[in-house]
Amino acid sequence: MVNERKVAVVGCGFVGAASAFALMQSGLFSEMVLIDADRGKAEGEALDISHGLPFAKPMKIYAGDYEDICDAAIVIVTAGAGQKPGETRLDLVRKNVAIFKSIIPQIAESGCEGILLIVANPVDILTDVAVRLSGLPESRVIGSGTVLDTARLKFLLGEHLQVDSRSVHAFIIGEHGDSEIVAWSSANVSGVPLNDFCEMRGHFEHEQAMRKIAENVKNSAYEIIEKKHATYFGIAMSVRRICEAIIRDEKSILPLSSVQHGFYGIDDVALSIPVIVGRSGIETTVPIRLNSEEHENLKRSADTLKKVRDEVLGE
């Protein structure tokens with residue numbers, strides 16, 4: 001039976017620890033189990049985070065094993081090799097697929113009936129692999145996808161337009177990586193088409209600004225890794241937001257990674273499309289407006305991911 005107030009984090013590196021800390025502060029859960037190949041690391045993170053509980057909501061935080069996740073509402077998988085300077089997300093695939101072949105069967109064997117949230121990179125391919133290895137329904141195996149990329153886009157657009165980024169409505173779709181696409185056709189600021197709002201704020205060089213912002217979003221992770229060797233706070237806040245949508249059954253629309261079956265002409269590959277997400281996982285995809293160029297770029301992104309996945313899995 002699923003305990004709606006319990007979460008598990010598999011992998012206690014930078015992303016896992018930051019995610020656990022963000023979830024402790026969220027008040028969404030009353031129990032959190034941390035699992036890592038290095039048991040001492042999991043125990044240390046559990047102790048460190050627990051010492052802040054007098055300033056937060058009551059919560060049981062502890063290091064555990066895979067049998068401890070059988071009743072977790074959400075199992076968050078951050079375990080995997082980190083992205084190194086100069087290394088693309090897709091360069092990670094061979095190393096992390098091998099790690100997933102060890103981790104995911106153990107999660108499946110625990111009998112977990114909750115949501116499996118994949119955060120490790122390259123997230124789209126690993127989401128696809130997790131579906132295959134876990135045997136869980138596709139609606140319950142979700143990748144964090146382009147939630148963080150979309151947040152970066154909204155932040156940069158908010159800075160560009162000097163407006164609250166929460167009023168910016170725009171999505172990054174496709175791969176969480178180099179072939180990601182900004183869905184400019186559907187972007188708006190509180191219902192006002194983006195170009196109209198830009199001109200209202202004194203910006204008229206639309207093509208130039210769009211190219212610059214899209215490049216800045218795509219290169220954000222590389223820039224952060226070059227400066228501080230890892231990214232973890234932004235993705236931790238993204239994990240918190242996804243968990244919030246699930247646990248509160250919000251029916252929120254988020255650009256999450258899931259296996260596609262014919263949507264936008266894309267089949268049998270995981271990538272990010274806006275979806276409605278709630279307690280049962282992904283309920284349905286949301287058909288946002290795309291122009292012909294964005295549509296073609298999305299299909300190319302899917303082909304890129306499928307080619308790498310098939311090469312790694314020997315298909």
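Values quoted throughout were computed directly from the atomic coordinates according to the rules given, and no laboratory measurement underlies them. Treat the numbers as computed from the prediction; the structure is a model and nothing was measured. Virtual Cβ from ideal backbone geometry, glycine too; neighbours counted across all protein chains shown.
Just how large is the dipole of the stretch 3-143 about the Cα centre, in debye to the nearest 20, putting +1 at every Lys and Arg Cβ and -1 at every Asp and Glu Cβ? Write down the numbers at each step before the final one.
Values: 13 positive and 18 negative charges, 56 e Å.
It comes to approximately 260 debye.
If the cut-off is a Cα-Cα distance under 20 Å, which aspartates and glutamates reach K251, setting aside same-chain residues fewer than 8 apart in sequence?
E4, E113, E138, E283
Express in nm, to one decimal, how much length is gained between N219 and E67 on full extension, taking 0.36 nm for each residue of separation and deducting their alpha carbon distance.
50.8 nm
Can you compute the helix-only [θ] at 222 nm over the chain? Use -39500 (n - 2.57) per DSSP H run of at least 4 residues, normalise by all residues, nearest 500 deg cm²/dmol.
Value at 222 nm, helices only: -14000 deg cm²/dmol.
How far, in degrees from 0 to 90, does helix 206-228 lean away from the longest principal axis of the Cα atoms of the chain, to the nearest 10?
The two axes meet at around 30 degrees.
Which entries in K227/K299; K95/K306; K154/K218; K6/K60; K227/K306; K101/K307 show an alpha-carbon gap greater than 21 Å?
As for pairs spanning more than 21 Å Cα to Cα, those are K227/K299; K227/K306.
Enter the angle in degrees (range 0 to 90, nearest 10) between the Cα long axis of helix 292-313 and the first principal axis of the Cα atoms of the chain, meaning the one along which they spread out most.
Roughly 30 degrees, rounded to the nearest 10.
With a cut-off of at most 16 other beta carbons within 10 Å, and DSSP calling the residue loop, which GluC sites (Glu not before Pro) in the stretch 108-194 qualify? Please list them.
Those satisfying the criteria are E113.
Under a plain spin-label model, where a point goes 7 Å from the Cα along Cα-to-Cβ, how far apart in nm are E250 and R5?
For the pair E250/R5, the computed spacing is 2.1 nm.
Test of understanding: given the chain, find the longest segment containing no trypsin sites (Lys or Arg not before Pro) that are in a DSSP loop and have at most 15 other Cβ atoms within 10 Å.
After excluding every exposed loop site, the longest remaining stretch is 1-200.
Mind pulling the angle between the C-alpha long axis of helix 233-247 and the longest principal axis of the chain? Nearest 10 degrees, somewhere in 0 to 90.
Rounded to the nearest ten degrees, it is 80.
Add +1 for every Lys or Arg and -1 for every Asp or Glu among the other residues with Cβ under 11 Å from the Cβ of V141, and state the total. The partial results should precede the final answer.
Details: positive: R132, R140; negative: D128, E138.
Taking every Cβ under 11 Å from that of V141, the sum is 0.
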